[in-house]
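To keep things clear, I will list the structure first and then write my remarks on it.
Each reported figure results from applying straightforward, stated rules to the coordinates on display, with no laboratory input. For clarity, every value in this text was computed on a predicted model and none was experimentally measured. Counting neighbours? That spans all protein chains shown, and the Cβs are built from the backbone with ideal geometry, glycine included.
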Amino acid sequence: MRKSLVQDTLIAAAAVAAAAVLPLLPAAAQDGRDAVVAHVEAGGERYAAMAQQIWDWAEVGYQETRSSALLRDALAEAGFEVDEGVAGMPTAFVASWGAGSPVIGILAEYDALPGITQDRAPERAPRPDMGAGHACGHHLFGAGSVAAALAVKAWLEESGTPGTVRLYGTPAEEGGAGKVYMVRGGLFEDVDAVLHWHPGNANEASPSSSLANKSAKFRFHGVSAHAAGAPEQGRSALDGVEAMNHMVNLLREHVPQETRIHYVITAGGHAPNVIPDFAEVFYYVRNPDPELVKSIFERVARAAEGAAMGTGTRMEYEVVHGLFAMLPNETLQRRAQKNLERVGGVVYDDAERAFAEAIHATLQEDSPPLESAAEVQPYMPRAAGGSTDVADVSWVVPTVGMSAATWVPGTPAHSWQAIAAGGTSIGEKGMLVAAKTLAMTAVELFTDPDLVAAAIAERLERVGPDFEYVSLVGDRDPPLDYRNPPGAR
């Protein structure tokens, strides 16, 4: 893998986009686009109810039992063949309808984030009855993708168009890398193209990349003793964690500037007068280049080893997830952009605007105006600061994504403001924008073999003839307990 492949991809995408002229669509595609939009609109209230039910449940990674079942049941009821518990993950599934080629996949997510909650209110209002919240909008992601899949299925059936539509229920995107295990298990080997979307604060379908990411839980074991009466007999596991953190923070000066290193202490003891015999710290290491991520991660691991030696403790670590950087497919992104422009953005009614204004007042002063929710952002390559397991899919199948304004303009992901808006009709309207855009793009893939062929050719050219997918998680099984508290394994 070339070090600058993702960056080169973005530059190439800009050049191609500037000269691109889209061909006229066949009549079947134009009729199909109208049909799927009508289908999504007709089921809008149902899809909104599904999304809000998942918002209420707010189930974290690999524990999305009810959320996964809700989406599976909707697909099975419509005639999809559903395969549950795929790739060793109880809440993962694949739902298929149709036969033959092309095979078009649609991704769905539904996990919440732990440790952040919020009511459906435009001011800070945590929910003490909940331990997690949909601060990344995956409740909308899951329901919106199902809406698109059901619309495409109805159109395929009514029109007699050949092909297979396949909805991938992918758990634990937030740090659990569910899609990585599906890719590693060969579940995308016969797929011609994959569509996905993500909630956001703007409507856009430009090619974008992401950061490769590898994470691990570093566990230190020491010796308990009375912190005042017999401190010489103790060896503090928390000292091990703190020594590691100090060394890693010094390391930040000596890594490429695009690198991101985050950590949180997940266990550090229970009482000041008891020297803790167990402590744990959870680390993420990110960089645009997966090869650099691997090398920097090894330096972090060596810091942990040194910390254990220096504090007289014992350390082991568990790799939790590993992700590639997103590989854009400009051929498909141009089509998605055109369809998003046809759909348009999110228009607030009076009540939604009042809610949005209250949220907007809590955001940074330079946040985009509320009117931008109704706009579609111009097409231009973008770099992203986050990570996603969609990236691993993009390296083995041509993949196209978009974002819709499910949040108030200027809202950052993983915030209480995102949870709040996602629990209202603002989020629901953005979800339907995405569902329509995905469904329309799928119609074009089913009716335009040249588009599919060009997307496949682009991916093969960019990964190179010698590329062989090897996941950053190695041969470990899915970390089904990664959201469990330390000691509850």
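The figures follow:
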quantity	calculated
Ellipticity estimate at 222 nm from DSSP helix runs (n ≥ 4, -39,500 (n - 2.57)) divided over the chain, nearest 500	-13000 deg cm²/dmol
Longest to shortest principal axis, alpha-carbon extents of the chain, angstrom	83, 54, 44
Highest to lowest packing among 151-160, 115-124, scored as the average C-beta count within 10 Å	151-160, 115-124
Net charge contributed by nearby residues that have their C-beta within less than 10 Å of L167 (K/R +1, D/E -1)	+3
Region 150-250, relative contact order [Cα under 8 Å, separation at least 6], %	12
FRET efficiency for R299 and A354, using Cβ-Cβ distance with R0 set to 45 Å, rounded to 0.05	0.35
Ordering of 198-206, 437-445 by packing [mean C-beta count within 10 Å, highest first]	437-445, 198-206
Three-way shape label, region 308-351, alpha-carbon gyration tensor, a/c 1.5	oblate
Within straight-line cross-link reach of K179, lysines at Cα separation under 22 Å, skipping those fewer than 8 residues along the same chain	K214, K217, K294
Positive-end residue, region 297-405 charge dipole about Cα centroid, Cβ charges, pick of F355, S403, T313	T313
Debye, to nearest 20: dipole size of the chain, +1 on Lys, Arg Cβ, -1 on Asp, Glu Cβ	840
Computed lengthening from E461 to S425, 0.36 nm per intervening residue step minus Cα-Cα distance	8.8 nm
Among A304, H254, G322 - extreme Cα towards positive end, dipole of region 212-323, charges at beta-carbon	G322
Antiparallel content of DSSP bridges confined to the chain, in %, to 5	70
By average C-beta atoms within 10 angstrom, highest first, the peptides 133-141, 328-336, 250-258, 376-384	133-141, 328-336, 376-384, 250-258
Under 12 Å from the Cα of K429 - aspartates and glutamates, other chains or at least 8 residues apart	E41, E45, D349, E352
